[in-house]
1. Looking at this structure, is residue 17 surrounded by fewer than 17 Cβ atoms within 10 Å (Cβ to Cβ), modelled with pLDDT under 95 and not in a loop (DSSP other than H, G, I, E, B)?
2. What's the number of the condition residue 140 fails, among (1) touching a helix residue (DSSP H, G or I) at 6+ places or on another chain (Cβ under 6 Å); (2) under 29 Å from residue 8 (Cα atoms)?
3. Any chance region 105-117 includes a residue that's at pLDDT 95 or above, assigned to a loop (DSSP other than H, G, I, E, B), under 14 Å from the mean Cα position of the chain (by Cα) and surrounded by fewer than 19 Cβ atoms within 10 Å (Cβ to Cβ)?
4. Scan region 9-18 residue by residue and report those that are more than 11 Å from residue 36 (Cα to Cα) and touching a strand residue (DSSP E or B) at 6+ places or on another chain (Cβ under 9 Å).
5. Quick one: how many residues across region 132-142 are touching a residue at least 24 places away in the same chain (Cβ under 8 Å) and either closer than 18 Å to residue 86 by Cα or within 13 Å of the chain's Cα centre (by Cα) (or both)?
6. Could you say whether any residue in region 183-204 is farther than 21 Å from residue 84 by Cα and not in a helix (DSSP H, G or I)?
């Protein structure tokens, strides 16, 4: 499982040799392709605080900059804890993002289990929503379906070892959390060592 970090360029460079480290590009982050060279990366939409005209302009600017690149996914704009409005936004932005030759992630928000999943139009799913929703059996079932269909699965707001374990246990391929960006020197080393240890155990079990 990958830990994707937004910003924190100097610390990310320091730990770039860790196999579970990647970068998360956002419309307002200062990451550059040069700083992410050699690391897996994805792009988020920066919608947590809303998606007004300024946010849309920043998002479109980012799409232009990364057009034709090879991120793990680009998160389509969404509305926190509202699956219905998120799906409406996805239907608008999915073809736009795909027009830049970029893979698209649908954000799973509260209530998505009651709506039709656009499996044929998304390349990845991003687990968003309220904390209760993230930790629910509804999300676990949707992750299983996504993995069965060969989709990349990412979870946002993962800021503790407990949440890292949870994300790993339900089958996530990557995670991110603001704590690793705001306090990288304090939180990143421990998280990467934990992921490296878990990866070693997985590889040992697979070899048996």
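1. When the stated conditions are applied, residue 17 does not pass them.
2. (2)
3. no
4. Listed by number, the residues that qualify are 11, 15, 18.
5. Final tally of qualifying residues: 4.
6. Checked against the condition, which is being farther than 21 Å from residue 84 by Cα and not in a helix (DSSP H, G or I), region 183-204 yields at least one hit.
The values are calculated or read from the model by the stated rules, or taken from the named source; none is laboratory data. Quick caveat, the model's predicted, so the values are computed rather than measured. Glycine also receives a Cβ, built like all others from the backbone with ideal geometry; neighbour counts cover every protein chain displayed.
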